[in-house]
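Working notes, beginning with the structure itself.
The values are calculated or read from the model by the stated rules, or taken from the named source; none is laboratory data. Nothing here was measured: the structure is a model prediction, and the numbers come from that model. Counting neighbours? That spans all protein chains shown, and the Cβs are built from the backbone with ideal geometry, glycine included.
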């Protein structure tokens, strides 16, 4: 069989390569949509640029199973330290529930970690207040101390690579249009 090459056939391998590369990269999206610094500060966060690796803290779920922060690597995390006796913590809980409802797709994970309270007390609180999202426990406050929590509530936004991006102390309106939009854009 004789192959005849002409001007049109010389472009076919290049065209096939171009199409193949386009197809391979079309499914890849930029997962580094970290919000602008000005957007984070406008929402009440302080920026974290300390260059330190964020500690791989451990905590337990409500059933006593041990969890590590690294178990959630690959997701955008909202790590929130709280307590049942803390009025601002109680105030922000409903908006955290609404946030999880609004971001039920994507790669967002909320980790509300109760500090220094027994699991039974936390279970009673979540049942009484209709909290239907997972909560976690830091019975001895080791996780909170490891990340430098000095007040409750404290919330830390962590990127997919496990780096702390921003933190906030005090209650936030987690289900505000601006907050939801920022997190939705980050977690596509």
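In segment 83-106, the residues that are on the phi > 0 side of the Ramachandran plot reach residues that are buried (at least 16 other Cβ atoms within 10 Å of the Cβ) and part of a loop (DSSP other than H, G, I, E, B) with C-beta atoms within less than 6 angstrom, at least six apart or across chains, in these pairs: 106/187.
Residue 169: closer than 18 Å to residue 67 by Cβ and buried (at least 17 other Cβ atoms within 10 Å of the Cβ), yes or no? Criteria not met by residue 169. Pairs meeting the criteria (first residue in segment 21-44 and closer than 12 Å to residue 157 by Cβ, second residue at pLDDT 95 or above and part of a helix (DSSP H, G or I), beta carbons under 7 Å, at least 6 apart or on different chains) are 35/182; 39/182; 43/178; 43/179; 43/182. Count of segment 53-72 residues, restricted to those that are under 14 Å from the mean Cα position of the chain (by Cα) and modelled with pLDDT under 95, is 1.
Filtering segment 109-123 for residues that are out of contact with any helix residue (DSSP H, G or I) (no Cβ under 8 Å at 6 or more places or on another chain), crowded, with 18+ Cβ neighbours inside 10 Å and within 29 Å of residue 50 (Cβ to Cβ) leaves an empty set.
Can you tell me which residue in segment 58-74 is surrounded by the fewest Cβ atoms within 10 Å (Cβ to Cβ), limited to those that are over 17 Å from residue 133 (Cα atoms) and touching a strand residue (DSSP E or B) at 6+ places or on another chain (Cβ under 6 Å)? Here the residue is 66.
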